[in-house]
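Written out below as structure tokens is the structure these notes cover.
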Amino acid sequence: MVGSVSKMEEIEEGIIEEFALFDDWMDKYEHIIGLGKELPLIEEELKSDDLLIKGCQSRVWLHAKMENGKVIFTADSDAIITKGIISLLIRVLSGQTPDAIINTDLTFIEYIGLKEHLSPTRSNGLVSMVKQMKLYALAFRTQQNG
Amino acid sequence: MSELLTDIDAIRAQFPILSREVNGKQLVYLDNGATSQKPQSVIDAISHYYEYENSNIHRGVHTLSQEATSAYEDVRKKVQKFINAKHDHEVIFTSGTTGGINLVASSFGASLVRKGDEILITAMEHHSNIVPWQMLCERRGAHLKVLPISKEGEIDIEEFKKLIGPKTELISLVHVSNSLGTINPIKEMIEIAHAQNIPVMIDGAQAVHHTPVDVQDLDADFYVFSAHKMYGPTGVGVLYGKEELLNDMKPYQGGGDMIKSVTFEKTVYNDLPHKFEAGTPNIAGGIALGVAIDFINSIGYEFIMKHEAELSRFAVSQLKDIAGLRFIGTAKERAGLVSFVLDGIHPYDTGVILDKLGIAVRTGHHCTQPVMNFFEVPGTVRASFAVYNTKQEVIKLVEGIDRVKRMF
Ligand SMILES: Cc1ncc(COP(=O)(O)O)c(C=O)c1O
């Protein structure tokens, strides 16, 4: 479990280094847009209403499953910038243990200057998505222990 | 009368916020439909009130209370003149447009709407002019009827006539649409409704700062608006209602100020307007609303309308050649805003990038989800203008959109 936490930190470090290359906001956002375009989409048939997290501005779909003690997330959004940030969150959180997911506070978002996107006032669905990811992790842990 | 202020630089100089930077760029504020900025005089009025006059109104014999009461009540007379109401007691202070609509839905509804009755609204209403009616209909077993709109975002008068029936108790419609800019032919619609003795309430939230409103000439039964969209403070609004209708309605909330006498057996309600103004109001805000009206009058509607029409025309002419840009709302009669979508680019994404460029626009559904569903878009980008906006700002918006298009 300790190993898994440090693995998560390594990934976060990697993202911080990746973003350190950009000294102007345009380059940074172009990168996020690129990530958003690359993110594997949830297949249309999976984009059902029960996967939908309603942000006021953009919509987010989130799917979670448990594989070998790790939570696997896939997600999608109709807005590309939201999707780019989702792709970072997935990179960090998907494939981690429920405990690691429950305990993280995702500080890397602040380091790379994207904290504003995780503000509840943005109403882009991201805050609710992170909350939902943690809830999934909690549910999987309960299942495991039960 | 002193000379009118018609120099844009001088007008802009009155708005301290316009000189601030956002994300390292000079602010370009094009979200006036959400709320307008406030001139120094309005800001000063609020602090002056708390520094010099603060006390409760309608209650004290002491000097401060007398002064505050008369300052507040003077604004009622100013609003009366502003919208040309017959009596000053037909002006009810509220917390805003939403507050006014809820007051009417609740009080008018309680007295006059019965099971099986119908309330008619249009398909372009703000949620504020939908939900209170839905709630009323649910409570009373009444039906909410919706007048559809065309692809241009206009209503059809013939369709309107067909939807009015013997069961229609009230019609509530928006004067100027906040998501489409459409100016509805409310005078004609009110006349049609009155031919069948149906009262009409007008949501003027997006109208009063763009065009002069004469409630007697319109013959509106109720007219509501918010101070904060007309250069005034948030948390204050006006409900105008015809005396006879307001007298027939039950009070909205109970409390201090709205009573003549209270015993545990019986309360005698106060007369208009106080009957509808329970509790201590937003006194500073009310006084500042008066100053906002002075600000509008210092410029005059002739200039305001000419300037904003010019800006809208200019914006349309500049934006229409952008490939992949589609206007949402192309009514012949429009006011003060352009609403559009970019092919393949989500409005949220557009808003984020424009914000980075210091340009404030509104993106999303603008509290009119049914309109978005009708046009099958997740939302739009809306640039809405005020008297202090300039063509240079429109050009910055157009350049911003070019930038957005290159990034996605
Ligand atoms: C047409 C319309 N009606 C009602 C409202 C609600 O106004 P308020 O939030 O000030 O009560 C708005 C504000 O966005 C509006 O544009």
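Hey, what's the Cα Rg ratio for chain B versus the globular rule of thumb, 2.2 N^0.38 Å?
1.01
For the stretch B:148-207, with only Lys/Arg (+1) and Asp/Glu (-1) charged at the beta-carbon, what is the dipole magnitude about the Cα centre, in debye rounded to 20? Can you show the working numbers first?
Numbers: 5 positive and 9 negative charges, 25 e Å.
Using Cβ point charges on Lys, Arg, Asp and Glu, the stretch B:148-207 gives about 120 debye.
Top to bottom by accessible area (1.4 Å), largest first, where do B:355, B:44 land?
On the way: B:355 50, B:44 75 Å².
The ranking, largest first, comes out as B:44, B:355.
If you count the DSSP beta bridges with both ends in chain B, what percent of them are antiparallel, to the nearest 5? All intermediate terms of the calculation are to be shown ahead of the outcome.
Numbers: 27 of 45 bridges.
Antiparallel: roughly 60 percent of the beta bridges in chain B.
Between residue A:16 and residue A:37, what's the calculated FRET efficiency when r is the beta-carbon distance and R0 is 35 Å? Round to 0.05. Write down the numbers at each step before the final one.
Details: r = 22 Å, r/R0 = 0.63.
Plugging the Cβ-Cβ distance into 1/(1 + (r/R0)^6) gives 0.95.
For residue B:135 and residue B:19, what does the FRET efficiency come to when R0 = 35 Å and r is the distance between their Cβ atoms, rounded to the nearest 0.05? Don't skip to the answer; put the middle values down first.
Working: r = 43 Å, r/R0 = 1.23.
E between residue B:135 and residue B:19, to the nearest 0.05, is 0.20.
Give the average over all directions of the projected area of the C-alpha convex hull of the stretch B:98-248, one decimal, in nm². Each step should come with its number before you reach the end.
Numbers: hull surface 33.8 nm².
Orientation-averaged projected area of the Cα hull: 8.4 nm².
Relative contact order of the stretch A:2-145: what whole-number percent is it, with Cα pairs under 8 angstrom and at least 6 residues apart?
Normalised by residue count, the contact order of the stretch A:2-145 is 28 percent.
Please sort A:94-106, B:46-58 by packing, taking for each peptide the average over its residues of neighbouring beta carbons within 10 angstrom, highest first.
Working: A:94-106: 18.8, B:46-58: 15.3.
Most protected by this proxy first, the peptides run A:94-106, B:46-58.
If you count only protein heavy atoms with a 1.4 Å probe, what accessible area per residue comes out for chain A, rounded to a whole Å²? Intermediate results must be reported in sequence, preceding the final value.
On the way: 7400 Å² over 146 residues.
Dividing the accessible area of chain A by its residue count gives 51 Å².
Take every Cα-Cα pair in the stretch B:113-157 and report what % of them are more than 11 Å apart. Can you show the working numbers first?
Working: 641 of 990 pairs.
Result for the distance tail: 65 percent.
Could you report the accessible area of residue B:274 in Å², rounded to 10, computed with a 1.4 Å probe on the protein chains as they sit in the structure?
For residue B:274, solvent-accessible area is about 40 Å².
Roughly how big is the stretch B:43-297's charge dipole about its Cα centre, with Cβ charges of +1 (Lys, Arg) and -1 (Asp, Glu), in debye to the nearest 20? If you can, show how the numbers build up before the last one.
On the way: 22 positive and 33 negative charges, 137 e Å.
Here the size comes out at about 660 debye.
In what sequence, largest accessible area first, do A:91, B:382, B:139, B:403 appear using a 1.4 Å probe?
Output order, biggest surface exposure first: B:139, A:91, B:403, B:382.
Which whole-number percent of Cα pairs in the protein assembly as shown have a distance greater than 41 Å?
Working: 51557 of 153181 pairs.
Value for the protein assembly as shown: 34 percent of Cα pairs lie more than 41 Å apart.
Just counting partner chain Cβ atoms within 10 Å, what average do the residues of peptide B:342-348 show around their Cβ?
Working: counts 0, 0, 1, 2, 11, 4, 15.
Partner Cβ neighbours, averaged per residue: 5.
Round to a whole number: what % of the accessible area of chain A belongs to carbon and sulfur, probe 1.4 Å? Write down the numbers at each step before the final one.
On the way: 3830 of 7400 Å².
After summing per-atom areas, the C and S share lands at 52 percent.
How many square angstrom of accessible surface are buried between A and B, both sides summed, with a 1.4 Å probe and rounding to 100?
Details: alone 8140 and 17740 Å², together 24340 Å².
Interface between A and B: roughly 1500 Å².
Can you pull the three principal axis extents for the Cα set of the stretch B:35-133, in Å, largest first?
Ordered largest first, the stretch B:35-133 gives principal extents of 53, 33, 23 Å.
Run the numbers on the stretch A:32-75: which residues show a drop of 10 Å² or more in accessible area, chain on its own versus all protein chains together, using a 1.4 Å probe over heavy atoms?
By number: A:33, A:37, A:56, A:57.
Taking 30 Å² as the minimum loss, tell me which residues in the stretch B:377-408 lose that much accessible area going from the chain by itself to the full protein complex (1.4 Å probe).
The answer is B:403, B:407, B:408.
Hey, got the dipole for chain A? About the Cα centre, +1 on K and R Cβ, -1 on D and E Cβ, debye to the nearest 20? Can you show the working numbers first?
Values: 15 positive and 23 negative charges, 126 e Å.
Here the size comes out at about 600 debye.
With N residues in the stretch B:339-408, what two-decimal value do you get for its Cα radius of gyration over 2.2 N^0.38 Å?
Numbers: Rg = 12.2 Å, N = 70, 2.2 N^0.38 = 11.1 Å.
Its radius of gyration relative to the 2.2 N^0.38 Å reference: 1.11.
Could you compute the net charge surrounding residue B:222? Neighbours are other residues with a C-beta less than 11 Å from the C-beta of residue B:222; K and R count +1, D and E count -1.
Details: positive: B:242; negative: B:90, B:203, B:221.
Charge balance near residue B:222 sits at -2.
Given a 10 angstrom Cα cut-off, can you work out which residue in B:178, B:129, B:373 is the most mobile in a GNM of chain B?
B:373
Of all beta bridges DSSP finds with both residues in the stretch B:37-192, what is the antiparallel percent, to the nearest 5?
On the way: 1 of 9 bridges.
Of all bridge pairs located within the stretch B:37-192, approximately 10 percent are antiparallel.
Grab the other residues whose beta carbon is less than 11 angstrom from that of residue A:52, score K and R as +1, D and E as -1, and report the net. Please list the in-between numbers first.
Details: positive: A:47, A:54, A:59; negative: A:49, A:50, A:76, A:78.
Neighbour charge sum, excluding residue A:52 itself: -1.
P(r) for the stretch B:251-306: what percent of alpha-carbon pairs falls in each 5 Å bin, starting at zero?
Reading upward from the zero bin: 5, 16, 17, 13, 12, 9, 10, 9, 5, 3, 2, 0.
Quick check: at a probe of 1.4 Å, how many percent of the accessible area of chain B sits on carbon and sulfur atoms?
Working: 8540 of 16940 Å².
Heavy-atom surface of chain B belonging to carbon and sulfur, 1.4 Å probe: 50 percent.
Tell me, what is the 1.4 Å probe accessible area of residue A:41, in Å² to the nearest 10?
100
Determine, for each peptide in B:186-195, B:96-105, the mean count of other beta carbons within 10 angstrom over its residues, then list the peptides with the highest first. Show your work: numbers first, answer last.
Working: B:186-195: 16.7, B:96-105: 25.0.
Descending mean neighbour count gives B:96-105, B:186-195.
Which value, in Å², gives the accessible area per residue of chain B when a 1.4 Å probe is used on the protein heavy atoms? Walk me through the numbers before you get to the answer.
Values: 16940 Å² over 408 residues.
On a per-residue basis, chain B sits at 42 Å².
How long are the semi-axes of the equivalent ellipsoid of the stretch A:2-145, defined as square roots of 5 times the Cα gyration tensor eigenvalues? Whole Å, largest first.
Details: eigenvalues 106, 76, 34 Å².
Rounded to whole Å, the semi-axes are 23, 19, 13.
Count the DSSP beta bridges whose two residues both fall in the protein assembly as shown, then state the antiparallel fraction as a percent rounded to the nearest 5. Working shown, then result.
Details: 39 of 57 bridges.
Roughly 70 percent of the beta bridges in the protein assembly as shown run antiparallel, per DSSP.
Need the per-residue list for the stretch A:14-29: every residue with at least 10 Å² less accessible surface in the complex of protein chains than in the chain by itself, probe 1.4 Å, sorted by number.
Hits at the 10 Å² cut-off: A:25, A:26, A:29.
As a test of reading the structure, rank B:182, A:107, B:211 by solvent-accessible area (1.4 Å probe, protein chains only), most first.
So the residues, ranked largest to smallest area, are A:107, B:211, B:182.
The values are calculated or read from the model by the stated rules, or taken from the named source; none is laboratory data. All of these numbers come straight from a predicted model, not from anything done at the bench. A quick note on method: Cβ atoms are made from the backbone with ideal geometry, for glycine too, and the neighbour counts reach across all protein chains shown. Side chains are part of the model used for accessible areas, which takes the heavy atoms of the whole protein and leaves out ligands, DNA and RNA. Shrake-Rupley method; radii C 1.70, N 1.55, O 1.52, S 1.80 Å.
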